[in-house]
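Structure record follows, encoded as structure tokens.
Values quoted throughout were computed directly from the atomic coordinates according to the rules given, and no laboratory measurement underlies them. Only a predicted model underlies this, so the values are computations on that prediction, with no experimental measurement involved. Because the Cβ atoms are built from the backbone with ideal geometry, glycine has one as well, and the counts that use them run over all protein chains shown.
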Amino acid sequence: MAELIFIATTIFVAYVIFTVTDDKKTKSEPNQTEAEKPAAVVEPVEVKVDVKAETPAPVKPAATKTVAAKPAAKTAKPKTAVKPKAATVASVAATTEVPSDSLRNPKTGEVVKIPNSYAFAKRWVKDALVEEGLLDKIYKNNELDNEANAKIQAAMEQLKQMAKYH
């Protein structure tokens, strides 16, 4: 009951303060009668939108060249095949030296330090342990016990030795 009285009193005090400050604002204006006071006018709010930020940059047409036809007597040389981007990333990553306490993801080239705890290992490391057949499944944190940790540590040691992850 005391809480209700406190809340009602607080609301009443706030109302009185609001009306007193509102009266001071109206009294500070020149003497105007209620009929002379301007009515409250709702003005439309103008919202500026940056059109340049929302629209994509216009696509410029590629410059076209007119190429003269080659004589039929020349033989066409076969073009060399273009390497896919993933292959070039893998080849660049393969040339860089990976520290002995780190693993390299062969798919993306990401290098990570070998975690002390399986719970803190990156997802791709856990996937790699399963893909290579070193573990039966990806363990959840609540499934980690002494037996599972022993299996995981042995599997991590085997994964370190694989050249694919260096």
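Check which residues have an amide H placed less than 5 Å from Ile114's amide H, if you skip close sequence neighbours.
The answer is Ser102, Leu103.
Share of Cα-Cα pairs in segment 111-166 beyond 17 Å, in percent?
27 percent
How many lysine pairs does segment 99-165 hold where the Cα atoms are under 18 Å apart and the two sit 8 or more places apart or on different chains?
Lysine pair count for segment 99-165: 21.
Using label points projected 7 Å from each Cα along Cα→Cβ, tell me how many nm separate Lys126 and Met1, to one decimal.
My value for the distance between the label points is 5.9 nm.
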